[in-house]
Amino acid sequence: MTCTPDLSEKSFLSNPFDDDKLKEECGIFGVVGVAEAANFVALGLHALQHRGQEAGGIVAHDAEKGFNSAHRFGYVRDNFTKASLMETLPGHLAIGHVRYSTAGKKAAVIRDIQPFFGEFSMGGAAIAHNGNLTNAEALRRELIEHGAIFQSGSDSECIIHLMARSFQKQHAERIADALRRCEGAFSVVAMTRTKLIGVRDPLGVRPLVLGRVGDNGYVLSSETCGLDIIGAEFVREIEPGEMVVIQDGKIESSRPFHPSKPRFCIFEHVYFSRPDSIIGGRSVYETRHQIGVELAREAPVEADLVCPVPDSGTPAAIGFSQESGIPFALGITRNQYMGRTFIEPTDQIRNMGVRLKLNVNKSIIKGKRVILVDDSVVRGTTSRKIKEMILDAGAAEVHFRIASPPTAWPCFYGVDTPDRAKLLAARMTEEEMRDWIGVDSLKFISLDGLYRAAGEAAGRNAACPQYCDACFSGEYPVAPSDQIEKGFMMKAAE
């Protein structure tokens, strides 16, 4: 396999002012049965860029030139739009991955960028993974003790090594064999010389959808917005615990895992997924709009304006405004051109904080009682800075309404979450958070309210929750064994 890594950038610096959000996990995309499949993958990854801005990679297969790959730091648009690069990735089959590091080294090196490739007795295969394996460290130790030589710091590489040790005769069977050893969350796209393969873990924590493109082509994507950009027709979601193998225009489906009650990540509805995507037959935008409606019902307040914290707070702010009857206004404008690679900021620039990416419209805010709607509060540092900006603009009052419950527990299923001690809601009550941020009022949507907004009319089933909501509830559907080994204390059963 020919690999063309870009080694000119030694490290990739993320936006130093964007550290008060839960970071997107990863995005995966695969295409089979179309000419120049890698170009379709590049477009799909561009649509999934919100799921990972650190790096991206594509592996393609051509009958004459075999497997070829390219791995790059930075945005898809800055790398995989160059004809000179895309010409090195010929073939009718390709997969890709956009990355934000959730496990392994935080300062990415080229060998950490997926897809990963392995040469097996029955031929080569590549794999891209969205999620996080909660037993990766234990697997890694076991594999190294048995002679495995790891090339990256990623938990996903464990899958390749487990495949290599399987005695199954087919790639798909080896992937299933490997994933049965894995705990945690995994949505996977993989490819052989002739097959595109997709798998979701038994809980279905991370999304994966199937689409059709052209006369004989199929697509696997983390979200439906990836299908839209290439004009693919949505077929269905890959179901929790399902594996699909696509070859020659035919799809084979199997269930290689023990069945479990699905626990899809509810934060996909709140923040991670793009608002124009469809999850479980439901528009992400409509769910976020309904979150705002529920918030207005649960936590009303007298005010003059409802303003979103852009961009993720906008649908909820519209819903809050429409339900409450309080006018909606774009009181804060986002600088769309800052990006996430602000190189080597000086202390003076760093102290400007969120002003580099957000600016207040003073003519709208001055003298008004303002409700700010945001998707979440993590550390709370950005909320404090935004409050200061609104007060500096002359607001009479500032009220925060948050479109998710308090984030009090870390996620171990593919989201880069701070240590629990750094989560504001893990250390403070709602009233203490209000005082620390320094606003006139602070209210979060209830867990039941969030479930209602996501389509569960009766709210959350406490005995058997319909979603994974561990970051809010502390109830982990899969025990994070690696973290427990390090001393992490799970919430005691009530």
If I ask for residues that are more than 21 Å from Asp448 (Cβ to Cβ) and open to solvent by 50 Å² or more (accessible area, probe 1.4 Å), which ones from region 255-288 would you list? Arg255, His258, Pro259, Ser260, Arg274, Pro275, Asp276, Ile278, Gly281, Tyr285
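Please determine whether any residue of region 137-154 is under 27 Å from Asn216 (Cβ atoms), in a loop (DSSP other than H, G, I, E, B) and open to solvent by 10 Å² or more (accessible area, probe 1.4 Å).
If we filter region 137-154 for residues that are under 27 Å from Asn216 (Cβ atoms), which is where we start, we get none.
Scanning region 137-154 turns up no residue that is under 27 Å from Asn216 (Cβ atoms), in a loop (DSSP other than H, G, I, E, B) and open to solvent by 10 Å² or more (accessible area, probe 1.4 Å).
Run down Ala178, Ala164 and say which single residue is among the hydrophobic types (A, V, I, L, M, F, W, C) and more than 26 Å from the chain's Cα centre (by Cα).
Working: Ala178 fails: more than 26 Å from the chain's Cα centre (by Cα).
Every option except Ala164 fails the conditions.
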Residues of region 243-263 being part of a loop (DSSP other than H, G, I, E, B) and more than 20 Å from the chain's Cα centre (by Cα), in sequence order, are Asp248, Gly249, Arg255, Pro256, Phe257, His258, Pro259, Ser260, Lys261
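Can we say Phe67 is more than 19 Å from Gly211 (Cβ to Cβ), under 21 Å from the mean Cα position of the chain (by Cα) and modelled with pLDDT of 95 or more? Give the derivation first.
Numbers: more than 19 Å from Gly211 (Cβ to Cβ): yes; under 21 Å from the mean Cα position of the chain (by Cα): no; modelled with pLDDT of 95 or more: yes.
So Phe67 fails the test.
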Any residue at all in region 408-416 that's free of Cβ contacts under 8 Å to residues at least 60 places away in the same chain and not acidic (Asp, Glu)? no
Region 23-82 - residue that is out of contact with any Pro (no Cβ under 9 Å at 6 or more places or on another chain) and of a type in the set (Val, Ile, Thr) and, of those, nearest to Asp311 (Cα to Cα): Val76
Within region 449-487, restricting to residues that are of a type in the set (Phe, Trp, Tyr) and either free of Cβ contacts under 8 Å to residues at least 24 places away in the same chain or outside any loop (DSSP other than H, G, I, E, B) (or both), the one that is least open to solvent (accessible area, probe 1.4 Å) is Tyr451
What number goes with the only condition from (1) aliphatic (A, V, I, L, M); (2) over 27 Å from Met122 (Cα atoms); (3) touching a strand residue (DSSP E or B) at 6+ places or on another chain (Cβ under 6 Å) that Leu203 does not pass? (3)
For region 406-448, name all the residues that are within 27 Å of Ser273 (Cα to Cα), part of a loop (DSSP other than H, G, I, E, B) and open to solvent by 20 Å² or more (accessible area, probe 1.4 Å). Pro406, Trp409, Cys411, Phe412, Thr417, Asp419, Ser446
Pull up region 378-405, narrow it to residues that are modelled with pLDDT of 95 or more and under 24 Å from Gly474 (Cα atoms), then point me to the one that is surrounded by the fewest Cβ atoms within 10 Å (Cβ to Cβ). Pro405
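Could you list all residues from region 310-332 that are of a type in the set (Ser, Thr, Tyr) and either over 12 Å from Ile371 (Cβ atoms) or assigned to a loop (DSSP other than H, G, I, E, B) (or both)? Before you say what the answer is, go through the steps one by one.
Initial filter on region 310-332 (of a type in the set (Ser, Thr, Tyr)): 312, 314, 321, 324.
Answer for region 310-332, where residues must be of a type in the set (Ser, Thr, Tyr) and either over 12 Å from Ile371 (Cβ atoms) or assigned to a loop (DSSP other than H, G, I, E, B) (or both): Ser312, Thr314.
Among the residues of region 218-233, are any under 29 Å from Val76 (Cα atoms), part of a loop (DSSP other than H, G, I, E, B), at pLDDT 95 or above and more than 22 Å from the chain's Cα centre (by Cα)?
Of all residues in region 218-233, those under 29 Å from Val76 (Cα atoms) come to 218-233.
Pick out the ones that are also part of a loop (DSSP other than H, G, I, E, B) and you get 222-223, 230-232.
Checking which are at pLDDT 95 or above leaves us with 222-223, 230-232.
With more than 22 Å from the chain's Cα centre (by Cα) added as a condition, the list becomes 231.
Taking every residue of region 218-233 in turn, at least one turns out to be under 29 Å from Val76 (Cα atoms), part of a loop (DSSP other than H, G, I, E, B), at pLDDT 95 or above and more than 22 Å from the chain's Cα centre (by Cα).
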If Val306 satisfies every condition in (1) outside any helix (DSSP H, G or I); (2) out of contact with any strand residue (DSSP E or B) (no Cβ under 6 Å at 6 or more places or on another chain) but one, which is the exception? (2)
Selection within region 80-112 - at pLDDT 95 or above, in a loop (DSSP other than H, G, I, E, B) and of a type outside the set (Phe, Trp, Tyr): Glu87, Thr88, Leu89, Pro90, Gly91, His92
Those residues of region 354-407 which are closer than 24 Å to Pro315 by Cβ and among the small types (Gly, Ala, Ser), in sequence order: Ser376, Gly380, Ser383, Ala393, Ala395, Ala403, Ser404
All but one of (1) part of a helix (DSSP H, G or I); (2) over 22 Å from Cys26 (Cβ atoms) hold for Val270, so report the exception by its number. (2)
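The values are calculated or read from the model by the stated rules, or taken from the named source; none is laboratory data. The structure presented is a predicted model; accordingly, all values stated were derived computationally and were not measured. When we count neighbours, we look across all protein chains shown, and the Cβ atoms used for this are built from the backbone with ideal geometry, even at glycine. Accessible surface areas use protein heavy atoms only, side chains included; no ligands, DNA or RNA. Shrake-Rupley method; radii C 1.70, N 1.55, O 1.52, S 1.80 Å.
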